[in-house]
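Quick notes on the structure that follows.
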Amino acid sequence: MLTFHLNDRTVTYGGKRSKRLIDVLRDDFGLTGAKLGCGIGRCGACMVLVDGKPTLSCRTPVSAVEGRAVATAEGLAAEGLNAVQEALLEAGAVQCGYCTPGVAVLLTSVLEQNPEADRRTITKALEPHLCRCTGYAQMIEAAENVARGEAGRPEGGELGSSPLRHQGDLMAAGRLRYTADLKAPDMLFGAIRWADHPHALVRDIDTSAAEQIPGVVAVLTHRDVPGDNHYGKAVKDQPVLCGDRVRFVGDKIALVAAQTEEAARQAADRIRVEYEVLPLVGDPEAALADGSPRLFDGGNLAAERWIRRGDVDRAFAEAAFIHEATFRTPFVEHAPLEPEAALATFDEEGRLTVIAPSQNVFFDRHEISRILGLDKHRVRVIQAPTGGAFGKREDMVVQPLAALAAWKLQRPVKIVLTREESFRSTTKRHPMVIRRRLAADASGRLTALDVDLLADTGAYTSWAPNILRKACVHATGPYFISHVRLHGRSVYTNNAFSGAFRGFGATQVLFAAERHMDMAARAWGFDPVELRHWNLLQDGGRTATQELPAGLKVTVGECLDRALEAVGAAEAAGKNGVRGGSMVRRGTGCAAIFYGIGYGGGIPDISGARISLTPAGRFLLQVGAVDYGQGSSTIFRQIAAHALGTEFELVDIHTADSETTPDSGSTVASRQTTVTGRAVQEAAERLRQKLDQAAWDLGLRYDPQDPESLKLLHARLAGEGRPVEAFARHNLATDKLDQGTGQGVAYATYAWGAQAAEVEVNLRTGKVRVLRLAAVHDVGRVLHRQALRGQVFGAVAQGLGMALMEEYRVEGGQPKTLNFDTYRLPRVSDMPEMTIEFLESAEPLGPYGARGIGEPALVGTAPAIVNAVCDALGFELTDLPVKIHRKDAKNAKEINRDYVHALRHHRQFGRRVGRR
Ligand code: FES
Ligand code: FES
């Protein structure tokens, strides 16, 4: 028995003294504000105060706090949010909210000890924390506001203002319950037995020893799946539980359901699996070779795409310049701070109900009902508060297993993955090898592009065909090129499992395209920025597949100029590389951005929205859209309030419940603001018209901003049997692309932007520091400025990680980077000083002229940074993440001189194919 003070009360604990403090707080005292992000002391999500000192509760045995005072985020908010929590909320530093309680705890301690802490002190203090959403900038801003005594909640919620994030107060207080925080009466815990080999036949599964472990209730295998044992996005090829074969080490063999998580995990280890190990398919090129082991009956080619226009061979034959290069990008891990989890339980009507982080509850319901062989109306899926997603939660991971166990056992079952399990089993960004040949005429007009793209989709298909389509469509970059031949293939291997990830294939190809523009320009003796400007798409121009829609303004050139100006590129021109001294070199680089919004390619891109007037004189908006931190729920409330002419505060929202909200599609493809936002606008406008008409008919006057007047209106309308709700559905129509040529309306609209970076490269250490980054994006119209800025900060952090440090390494089919010690994510000290600007050119298809920013803000960051690095070094890099070896750094000193000379005199330099 030990006693300690917990949030100002004295508590006793009688369990194991070695138990981690985080587990005691969560399991024994119900304080779930401390979150488990990594379990190894590398993310800060579990931060609490012990005697006022920031302490990682995942690294602290409970015995260490005996007789001491422990404070959690909930305790800090005992009398309402404390100043730091309030400031984080006000500054927009809360997105998914998973890291927020830990950050609030840390900053509270920092500012208590040093109430006038400056930016440097705050930044240094934040270093132990990882945030995958915010890019840290607004956290620093929040702490500075507290130090300066500047506070104040924003007023109103009109379009363009920044009302507080929906549920942000609960997040800041550590009181929002994510899936791992939930409990249900009589609940069991699930643990998974993972595949031991990346490629093997399963000969036998013996569960007898596991069943003997005390507390084990059931061990389920593929034989227990009542419906279809396979599920997936584009193709149903992923087994719920493998019965005959495993294709990567994230495959699942069995599920244990037990009274405790400990018993379940112990039993999962005791399951004996007999395998016949098969040869590994570890390389996408080799996977396509004759004689390679076949991972599926149809072979190893998961998807193939062509886009063809013009006469590419003739254009190359007639070109004045040709440049070719090959670019490589690695597996990248999404790393949302919340690991995968699901709770399957039963709702008030006895319906199987799965509560989980998700990006599309309707798709999950469809798949779970197929797996269980149930009518879809017997399954309900509810999105739990979600600690980041970025595409990862498009594919289900543990939801089918929790559902299966709960259905079989007729008891609630919860499964929560560790960080290692999450890394091992979930989707990654597709690694790509992108071979490009680019041709131009003597004046620098691009005439032809020939691209061959090979992607590693790993063990299963997921979204491979669609990702490949997006990659091919975006392979040109935002340039008009008359003759194109774009060929993409996505291949099965035993390496990992690739799927949707912010940018959806465009991220990799835009890195290659924008890197290639710099390389080609230098080789051909042109200025890289001028080469871009000569070739950028114009209003009504043609992408590789389609004419740009009428009314869509192309502002990429303006974005580019503004981004370059913001990083001072003009002053740096001609001085790059040599700046900064002999061992520290500086460089600038840029990237022009275009991005197709929505699913595209003829897939119905439909969102529904319903809005009603409630008896309480408020409005209730219902959408199926998932908000996992990007702020869509807040923005939809703003749109609805504007259309209704009411106050933001009078609009409530209910989201992402397959039983009670309309289907609003996936939260992907930067589509929610544009598509669901438009449905919300239309539904709200319809309701306003209905209310106005009814009031006119009944001779009533009402004020949409006055709840009392709305209450009276509701009472009268309900009494008369008049409708008090409206529904709208919006579709972003596109074409199914031509099978042979790939021509057609690939995307209904496009976003434009540009980013520019200034970097410093230390030739002695090879270390790259991004000093400044400017991001200029045309968002159509600013609806919520703070959320937009937050999206850009966060996207840039992810792009910076991709450029400089992130790589999910797999060797022999075994992952080598399974937690935040070996997989490096950007921390606060990695982030540059940033300038963010928005252009508002009025998107013809979006609500009140707005369009999404989630992905466009990411796709330009890596090329801008790597272009700047190459500018500093004087030689060309083509692979991500950038690795500067000692030898390269030495060479840079010599090469740099020639390089600068070449730039000044427009001489050919670099990896040149030749001037014809
Ligand atoms: S969970 Fe403790 S530091 Fe990550
Ligand atoms: S807000 Fe920090 S991880 Fe999502």
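Nothing in this text is a laboratory measurement; each read-out follows from the coordinates by a stated rule. Owing to the predicted nature of the structure, the values given are computational and were not obtained by experimental measurement. Cβ: placed from backbone, ideal geometry, glycine included. Neighbour counts: every protein chain shown.
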*Fewest-first ranking of 706, 605, 290, 821, using other Cβ atoms within 10 Å as the exposure measure*: 290, 821, 706, 605
*Quote the relative contact order of the chain in percent (integer), defining contacts as alpha-carbon pairs under 8 Å separated by 6+ residues.*
14 percent
*Could you list 252, 553, 428 in order of exposure, starting from the residue whose Cβ has the fewest other Cβ atoms within 10 Å?*
553, 252, 428
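Based only on the alpha carbon positions, what is the Kirkwood hydrodynamic radius of the chain, in angstrom?
28.6 Å
Suppose the chain between residue 842 and residue 652 were pulled fully straight at 0.36 nm per residue; how much longer would it get relative to their current alpha carbon spacing?
65.7 nm
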_How much length would be gained if the chain were fully extended between residue 12 and residue 114, taking 0.36 nm per residue of separation minus their Cα-Cα distance, in nm to one decimal?_
33.5 nm
*Return the lysines within reach of residue 183: Cα separation strictly under 28 angstrom, same-chain partners fewer than 8 residues apart disregarded; answer none if there are no such residues.*
16, 19, 35, 252, 376, 392, 408, 414
*Short version: ³J(HN,Hα) in whole Hz for each residue of the stretch 47-53, in order, from phi by Karplus 6.51 cos²θ - 1.76 cosθ + 1.60 (θ = phi - 60°), x for Gly and Pro, what are they?*
5, 9, 9, 10, 6, x, 9
*How large is ³J(HN,Hα) for each residue in the stretch 818-828, as worked out from phi by the Karplus curve 6.51 cos²θ - 1.76 cosθ + 1.60 (θ = phi - 60°), to whole Hz, x for Gly and Pro?*
10, 7, 6, 7, 9, 9, 8, 10, x, 9, 4
_Distance in nm between pseudo-label sites at residue 27 and residue 236 (7 Å out along the Cβ direction from Cα)_ = 3.8 nm
*By counting other Cβ atoms within 10 Å of each Cβ, how are 492, 848, 808 ranked from fewest to most?*
848, 808, 492
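Across all directions of projection, what mean area in square nanometres is found for the Cα convex hull of the stretch 2-174?
Over every viewing direction, the Cα hull of the stretch 2-174 projects on average to 9.7 nm².
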*For residue 301 and residue 410, FRET efficiency with R0 = 60 Å and r from the beta-carbon atoms, rounded to 0.05?*
0.90
_Ratio of alpha-carbon Rg to the 2.2 N^0.38 Å globular estimate for the stretch 606-731, to two decimals, please._
1.03
*Cross-link partners among aspartates and glutamates for residue 124, C-alpha distance below 18 Å, same-chain residues fewer than 8 apart left out?*
112, 116, 141, 144, 830, 833
*Give, rounded to the nearest 20 debye, the magnitude of the charge dipole that the stretch 704-785 has about its Cα centre when Lys and Arg contribute +1 at Cβ and Asp and Glu contribute -1 at Cβ.*
380 debye
_Across the stretch 750-857, what fraction of all alpha-carbon pairs, as a whole percent, falls in each successive 10 Å bin from zero upward?_
13, 36, 27, 17, 6, 0
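Restricting to Cα atoms and excluding each atom paired with itself, what does the Kirkwood estimate give for the stretch 840-890 in Å?
So the Kirkwood estimate lands at 13.7 Å.
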*Report the extension gain between residue 660 and residue 158 in nm, rounded to one decimal, defined as 0.36 nm multiplied by the number of residues separating them, less their alpha carbon distance.*
178.0 nm
*asked:* On a straight-distance basis, which lysines could pair with residue 883 in a cross-link, Cα separation under 25 angstrom, same-chain partners fewer than 8 positions away excluded?
replied: 428, 575, 767, 816, 893
*Roughly what would the spin-label model give for residue 725 and residue 534, points 7 Å off Cα along C-beta, in nm?*
6.0 nm
*What spacing in nm lies between the two simple spin-label points modelled at residue 709 and residue 328, each 7 Å away from Cα in the Cβ direction?*
6.8 nm
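For the stretch 591-703, what is the percent of antiparallel DSSP beta bridges, rounded to the nearest 5?
50 percent
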*What are the ³J(HN,Hα) values, in whole Hz, obtained from phi via the Karplus relation 6.51 cos²θ - 1.76 cosθ + 1.60 with θ = phi - 60°, for each residue of the stretch 771-778 in sequence order, with x given for Gly and Pro?*
7, 9, 9, 10, 10, 10, 10, 8
_Cα-only Debye scattering, the stretch 435-532: base-10 log of I(q)/I(0) at q = 0.17 Å⁻¹_ = -0.74
